[in-house]
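These notes are about the structure you will find just below.
The values are calculated or read from the model by the stated rules, or taken from the named source; none is laboratory data. These numbers come from a predicted model, not from an experiment. Glycine gets a Cβ as well: all are built from the backbone with ideal geometry, and neighbour counts include every protein chain shown. Remember, those area values only see protein heavy atoms, side chains included, never the ligands or the DNA or RNA. Shrake-Rupley method; radii C 1.70, N 1.55, O 1.52, S 1.80 Å.
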Amino acid sequence: MYDHTKQYRCSIIRGKSQKEIDDLLPAYAKIITDICPCTKESFEHDFNAAFAAYIPADSTKKTFDNHRTEIAGKLFGMYYIAPHDDDSEEAYVYPAERTMKFMEDNDQPAFFKDICFKMQFPNGMTKTETVKDRIEHGISIRPNAYVLKVLLLAKNAGLILNKSDLGYYVLNSLDALTRTATPLEIVDLIEQDKKAGIVRKVHTDGKASSYDIQHINEQINYLELANLVITDGDGEVALNAHDMDTITLFADCWNENPLFDCTAYNLTALSGRKQFQLDWDYYFSQLSVVADKFATTSVSLGITERKTATKPTTGTGTGKTELGDEGEFYVLDYEKERVKAFDPRLVGKVIHLGKTRGLGYDIQSVIAEKGDMAEFVKYIEVKSTKRVTEPDLTDTMWVDTLNITRNEWIAALQHKDFYSIFRVYFVRGNIIMYVIKDLYQKEKDGKIKVVPLTYRVDFGGTAIDEIIPQKAKVV
């Protein structure tokens, strides 16, 4: 029998606002992949030094440490700490699988989906005493799966739930957190209460309302950053109808045990606590087994497919293709329309070359502006990303990062003002495109920073230290 009066504050690490998190995720990933692997001792200094570009100059050391250890480390599992090798006690910091994947695909909703899928109570993000207390209370839940199941059932029942409902009846309810109650029992009670005009809210005597709702708001924030729910100014929470396959995948797991067994460790012993923390950090840093199902399509972001003659060469439509293809074909359509409006006879000079390796650009177009250079060639490299919120160029601390190849940099040097990067953001319900012209000059002017990240090793016979004889017979 569901007893809604048994309330338990199951908080998570306090993060930042939804917009800040969407902005800072690329910064965390860039810094971690730039400096790792490295010693634990150097990680703190190098991370904080690099992160100074992204937060106000008067930020305290505590602020830096919170971004590094609590948010990027514990909350997002973007790195893990382990011995350098079997014979060494020196701890090294390594980038997480999740971080490396994000650096490859620039898919922010997919990043948050993976976190939400692996999120559980109890977990290794909190202090040991908190873990022990949650184990003693029998808490065992994958909260996001449970919440999405409740929202699905509520939708089927014609109910509209808000953050307060989800907080009181689910995320702060001991019977839900222990899975003593089922999602159906919870939805039935909510329906009864709403019909009777009863409004229930989380309340802690002697505490401000922000204390009661903060952890609830933030958990729902991450579901929204994962593009699984949509909230409004009144706090109502709706499922994203454009991503029901992923929502169903989550909801089907509502009654499964957490994937990491916190009860398997002796948390009263120092050695047990240390092993628990090492194992949890490594586990949470790895991608979930269903991470390949979390790719964000433009359709799932609520972006209407463009009805043009240009179609990607892979997939079955704009919403099904790889992120790079979507961005390239969006820009290709834009350029064709722009050039056609200037002079229809020049449209044939807008060419997609994204599948041609080694050029350093994806699209060849023309200037198509009044003057003597109308038919001069312009070269476009497209870099795409997906996120829920829109970038804010009025934010003086906003910085974005993208990777370019050696060929792309050489093309930028060669073509200078005739070379542009089109940065395409697929956001919820919209596509935003920023144009960065003449990377070479902007780098000289200090407006952008270009950092070489790969190394080539050339060697000859004098560098060989050992030749291992071939044992297998060659046929």
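In the context of the full set of protein chains, region 1-42 has a per residue accessible area of 44 Å² (1.4 Å probe). Considering helices alone, the calculated mean residue ellipticity of the chain at 222 nm is -11000 deg cm²/dmol, with DSSP H runs of length four and up weighted by -39500 (n - 2.57) and normalised per residue. Descending by average beta-carbon neighbour count within 10 Å, the peptides 429-437, 333-341, 205-213 line up as 333-341, 429-437, 205-213, the highest first.
Using Cα pairs closer than 8 Å and at least 6 residues apart in sequence, work out the relative contact order for the chain, in percent. 16 percent. Charge dipole (Cα centre; +1 on Lys/Arg Cβ, -1 on Asp/Glu Cβ; no other charges) of the chain amounts to roughly 740 debye. Within the straight-line cut-off of under 15 Å between alpha carbons, the aspartates and glutamates reachable from Lys340 are Glu369, Glu375, sequence neighbours fewer than 8 places apart in one chain being disregarded. In terms of its C-alpha gyration tensor, region 347-397 comes out oblate, because a/c is 1.5 or above while a/b does not outweigh b/c. The gain in end-to-end length when the Val290 to Gln275 segment is fully stretched comes to 2.8 nm, 0.36 nm per residue minus the alpha carbon separation. DSSP beta bridges confined to the chain are antiparallel in about 75 percent of cases. The 3J(HN,Hα) values that the Karplus relation (6.51, -1.76, 1.60; θ = phi - 60°) gives for region 355-369 are, in residue order, 8, 8, 6, x, 6, x, 7, 9, 9, 10, 10, 10, 4, 6, 9 Hz. Gly and Pro appear as x. Counted residue by residue at 0.36 nm each, then reduced by the alpha carbon distance between them, the extension gain from Val299 to Arg14 reaches 99.5 nm. Heavy-atom accessible surface of Leu249, to the nearest 10 Å², is about 40 Å², with a 1.4 Å probe and all protein chains retained. In order along region 391-400, phi translates into HN-Hα couplings of x, 10, 5, 7, 7, 5, 8, 6, 9, 10 Hz, rounded to whole numbers, per the Karplus curve 6.51 cos²θ - 1.76 cosθ + 1.60 with θ = phi - 60° and x for Gly and Pro. Karplus-based coupling profile of region 255-266, in residue order and whole Hz: 9, 7, 5, x, 6, 10, 8, 5, 6, 7, 10, 8, with θ = phi - 60° in 6.51 cos²θ - 1.76 cosθ + 1.60 and x standing for Gly or Pro. Just the protein heavy atoms count here, and of the accessible area of the chain at 1.4 Å, carbon and sulfur take up 52 percent.
Percent of Cα pairs in region 1-145 per distance bin of 5 Å, from zero to the largest separation: 2, 8, 16, 19, 18, 16, 11, 6, 3, 2, 0. Extents of the chain, largest first, come to 77, 64, 62 Å (Cα atoms, principal axes, whole angstrom). The amide H of Val366, built 1.01 Å from its N in the peptide plane, has Lys378 as neighbours under 5 Å, considering only residues 5 or more places off or on other chains.
May I ask which of Lys378/Lys444; Lys30/Lys370; Lys336/Lys386 have a Cα-Cα span longer than 32 Å here?
Over 32 Å Cα-Cα: Lys30/Lys370.
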